[in-house]
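Report on the following structure.
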Amino acid sequence: MINKLIRMVGLLTALIIASACGNTKEASPFEETDGLEGVSIELSEEVYARENDTFRLTVSNESETEITYGIAFTVEKQEGDNWYIVEPEEEMAFILIAHVLSPKEASEETLNMDYYEPFDEGKYRVVRQIEGEPLTAEFRVEE
């Protein structure tokens, strides 16, 4: 009886450890987004194919002050009510360039999504920090 109990406790412990190791999803660190008044980011399309689409991102500054930001971004996928970071297939590096955007101006750029493709179907968002605030642009991927 004691041996059976020890084996059951051991099996339960192994299952708990295995399930914890298998959970590789990293939750988004951004609880609050889009809190920079007068500044927004937007993608040129709402729906993209699983691969080989061009992602054009526009940063708009409708505020009264100049803003600065880099070219780094992350991609997150929504599952249920939560957002999770999408890890690129290979490690990505971004050049440290500071973009300066004057009041009432906008700037467009093409995002390199090669490291993320092919996407699974679902709802995603691009996250870019501007002036230390995370801004998002949502999109869907469909077959």
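The values are calculated or read from the model by the stated rules, or taken from the named source; none is laboratory data. These numbers come from a predicted model, not from an experiment. Please note: Cβ atoms are built from the backbone with ideal geometry, for glycine as well, and neighbour counts cover all protein chains shown.
Looking at segment 59-117, which of the residues that are hydroxyl-bearing (Ser, Thr, Tyr) and more than 15 Å from the chain's Cα centre (by Cα) is farthest from Glu131 (Cα to Cα)?
Looking at residues that are hydroxyl-bearing (Ser, Thr, Tyr) and more than 15 Å from the chain's Cα centre (by Cα), I get Thr110.
Taking the condition of being over 15 Å from Glu76 (Cβ atoms), loosely packed, with under 15 Cβ neighbours inside 10 Å and touching a residue at least 40 places away in the same chain (Cβ under 8 Å), how many residues in segment 25-48 meet it? Looking only at that region, the number is 4. Annotation: of all residues in segment 18-43 being within 17 Å of the chain's Cα centre (by Cα) and of a type in the set (Ser, Thr, Tyr), the one that is modelled with the lowest pLDDT is Thr24.
Would a scan of segment 55-66 turn up a residue that is among the aliphatic types (A, V, I, L, M), touching a residue at least 60 places away in the same chain (Cβ under 8 Å), surrounded by 11 or more Cβ atoms within 10 Å (Cβ to Cβ) and touching a Ser or Thr at 6+ places or on another chain (Cβ under 9 Å)? The answer is yes, given that some residue of segment 55-66 is among the aliphatic types (A, V, I, L, M), touching a residue at least 60 places away in the same chain (Cβ under 8 Å), surrounded by 11 or more Cβ atoms within 10 Å (Cβ to Cβ) and touching a Ser or Thr at 6+ places or on another chain (Cβ under 9 Å). The set of residues in segment 84-111 that are of a type outside the set (Asp, Glu) and free of Cβ contacts under 8 Å to residues at least 40 places away in the same chain comprises Val86, Pro88, Met92, Ala93, Phe94, Ile95, Leu96, Ile97, Ala98, Val100.
Taking each residue of segment 114-143 that is in contact (Cβ under 8 Å) with a residue 40 or more places away in the chain and looking for partners that are in a strand (DSSP E or B) and of a type in the set (Gly, Ala, Ser) with beta-carbon atoms closer than 7 Å, six or more apart or interchain, yields Arg125/Ala137; Val126/Ala137; Leu135/Ser40; Val141/Gly122. Does Glu51 meet the test of being outside any strand (DSSP E or B), surrounded by 14 or more Cβ atoms within 10 Å (Cβ to Cβ) and in contact (Cβ under 8 Å) with a residue 40 or more places away in the chain? Taking the combined requirement at face value, the residue does not satisfy it. Which of the residues belonging to segment 65-112 are within 14 Å of Thr136 (Cα to Cα) and charged (D, E, K, R)? Within segment 65-112, Glu76, Lys77 qualify. For segment 49-68, the set of residues classified as modelled with pLDDT under 95 and not polar (S, T, N, Q) consists of Ala49, Arg50, Glu51, Asp53, listed by residue number.
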